[in-house]
Amino acid sequence: MSHLRVRPGPAPARVRLRVPGDKSLSHRALILGTLAEGLTTIHGLLRAEDVVHTAEALAQMGARISDPGLSTDGPMLVEGVGRQGLTSPGCALNLGNSGTGLRLLMGVIAGQNFTATLYGDDSLNRRPMGRVAEPLMQMGAFVECSGPRSTPPVTVHGGRLQAIHYHSPLASAQVKSAILLAGLNAAGETAVTEPARSRDHTERMLRAFGAQVAVEGLTVRLQGEPTLRGQQIMIPGDFSSAAFFLVAGCLLPGIEVTVENVLLNPTRTGLLTVLQEMGARIEITGEHEATGEPVGNITARSSALQGVEVGGEIIPTMIDEIPLLALAATQAQGQTVVRDAGELRVKESDRLATTTEALRILGAQVTATEDGLVIAGPTPLRGGEVDSHGDHRIAMTAAIAALLAEGPTVIHRAECIATSFPDFVRHLPALGAEAELKNDG
Ligand code: S3P
């Protein structure tokens, strides 16, 4: 295991950077490239552990990915095997820490003619999979979740599927995407209705590969058994990775931070809306489209923030950024209340608990409720020793908090940062900090 030591220093007036490719798009590009016919070329694929796990699991099922270990730079080539062209893996598939990888592949395997078992690390093996197993069973797959409370290992017996219209109890892109991926191999129309809109990358990318996907309100409809054609895919920077530096831009004095070439899909950028409501000075420039997704540059300037109340349908559009919102709220005038975010209890860690613990150690006033957080601001932060609980977003949120704190901060179990953003630590000196990731012991 490793720890990250961050010692804050004076930040420069202007910082410009780029962050690596979007994680959600990277998983989907590898999966759809594999299920397509012909060659898919992926530019800007995220090289991080979560995506390696998906690429390697696909390769174990016969996918032809140029470098499934993702150790080389440059475009990734995927020679499609067709919608039902995967083959039985010789062993159980390890998805590491990646909930997206495991849940999306459940949907893919449901429509293949073999059985496969998927599992992950201790964190992933505690996460609920019944939410995906249930609709796949309704489609005719047989799915066994052998851990307690429907957790992995998960065995999916693929086969002939029938199209369904699933009314999901959750706004979850992973659930919706697993059903749509299974629906590729079901005749007729597969539809999913969600209680609120979750990220829509699967819908957009399926269209780019030639599938017919219609969206009406909260319902997505896919025409089954399409021919997917290999594509050139451009993956922009991950908004969820950019968000760490944008929040630093809002909170550090006298600074302006620009992150270039970032995914601006509105089902992802709820944090920007909420920060603006809090008074943040945020500007978007250079907007354009790449592979059906909006992309642009985001600038965040030092801002005087006010507390805010957040809940309801905006929550799924900022689900991975709530720890960062909580950090911003520690520096805002007045109280911030987050509601309807109970999903955070079943992410890579129980993020309501781990966010509260980390920020309190650094001097903030944060309380977790059953489905949210209450933060009283503003409070000065002080350095301290924080445990990431193996959750990359908690480790990185604590590192950004450390930039504002008086004195150094040590973040334990910081190796998890590599699941989504291996270069994160190398960007911290640009914000004036000394940062060092070291093995324990
Ligand atoms: C993801 C969906 C989200 C998010 C996760 C990535 C995806 O989960 O938290 O980090 O790529 O589909 P939900 O299933 O809660 O939407």
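The values are calculated or read from the model by the stated rules, or taken from the named source; none is laboratory data. What you are looking at is a predicted structure, and each value in this text was computed from that prediction instead of being measured. Don't worry about glycine lacking a Cβ; one is built from the backbone with ideal geometry, like all the others, and counts go over all protein chains shown. Ligands, DNA and RNA are stripped out before the accessible areas are found, and what is left, the full protein with its side chains, is counted by its heavy atoms. Shrake-Rupley method; radii C 1.70, N 1.55, O 1.52, S 1.80 Å.
Let's see how each residue does on (1) modelled with pLDDT under 95; (2) β-branched (Val, Ile, Thr); (3) closer than 16 Å to Val108 by Cα:
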{"position": "Lys176", "(1), (2), (3)": "no, no, yes"}
{"position": "Ala182", "(1), (2), (3)": "no, no, yes"}
{"position": "Thr193", "(1), (2), (3)": "no, yes, no"}
{"position": "Leu251", "(1), (2), (3)": "no, no, no"}
{"position": "Glu256", "(1), (2), (3)": "no, no, no"}
{"position": "Leu271", "(1), (2), (3)": "no, no, no"}
Failed item in (1) within 15 Å of the ligand (Cβ to nearest atom); (2) over 29 Å from Ile314 (Cβ atoms), with Leu184 passing the rest: (1)
Mind listing just one residue for me: the one in segment 189-214 that is part of a strand (DSSP E or B) and away from the ligand (no atom under 16 Å from the Cβ) and, of those, farthest from Arg131 (Cα to Cα)? Ala214
May I ask you to say which residue of Ala430, Ala418 is out of contact with any strand residue (DSSP E or B) (no Cβ under 7 Å at 6 or more places or on another chain), among the small types (Gly, Ala, Ser), surrounded by fewer than 22 Cβ atoms within 10 Å (Cβ to Cβ) and not in a strand (DSSP E or B)? Ala418
Is it the case that segment 357-370 has a residue that's in contact with a Leu (Cβ under 8 Å, 6 or more places away or on another chain), aliphatic (A, V, I, L, M) and closer than 14 Å to Gly311 by Cβ? no
Filtering segment 272-290 down to residues that are in contact with a Pro (Cβ under 9 Å, 6 or more places away or on another chain) and either more than 26 Å from Ala332 (Cα to Cα) or open to solvent by less than 20 Å² (accessible area, probe 1.4 Å) (or both) yields Glu287, His288, Ala290
Across segment 260-271, which residue is farthest from Val15 (Cα to Cα) among those that are open to solvent by less than 10 Å² (accessible area, probe 1.4 Å) and outside any loop (DSSP other than H, G, I, E, B)? Gly270
All but one of (1) open to solvent by 20 Å² or more (accessible area, probe 1.4 Å); (2) under 28 Å from Ala376 (Cα atoms); (3) not small (Gly, Ala, Ser) hold for Val257; which doesn't? (1)
When segment 90-117 is checked residue by residue, the ones that are more than 14 Å from the ligand (Cβ to nearest atom) and either surrounded by fewer than 20 Cβ atoms within 10 Å (Cβ to Cβ) or over 19 Å from Lys176 (Cα atoms) (or both) are Gly90, Cys91, Ala92, Leu93, Asn94, Asn113, Phe114, Thr115, Ala116, Thr117
Could you say which residue among Asn265, Asn185, Asn261 is polar (S, T, N, Q) and in the same structural domain as Ile109 (by TED's automatic domain parsing)? Asn185
Please verify whether Glu370 is farther than 27 Å from Gly254 by Cα, open to solvent by 40 Å² or more (accessible area, probe 1.4 Å) and in a helix (DSSP H, G or I), treating the condition exactly as stated. no
Just to verify a result, which residue in segment 1-35, among those that are surrounded by fewer than 24 Cβ atoms within 10 Å (Cβ to Cβ) and among the basic types (Lys, Arg), is nearest to the chain's Cα centre (by Cα)? Arg18
Could we say that Leu272 is under 19 Å from the mean Cα position of the chain (by Cα) and more than 20 Å from Ser26 (Cβ to Cβ) here? yes
Filter segment 337-367 down to residues that are within 16 Å of the ligand (Cβ to nearest atom) and outside any helix (DSSP H, G or I) and give me whichever is most open to solvent (accessible area, probe 1.4 Å). Asp340
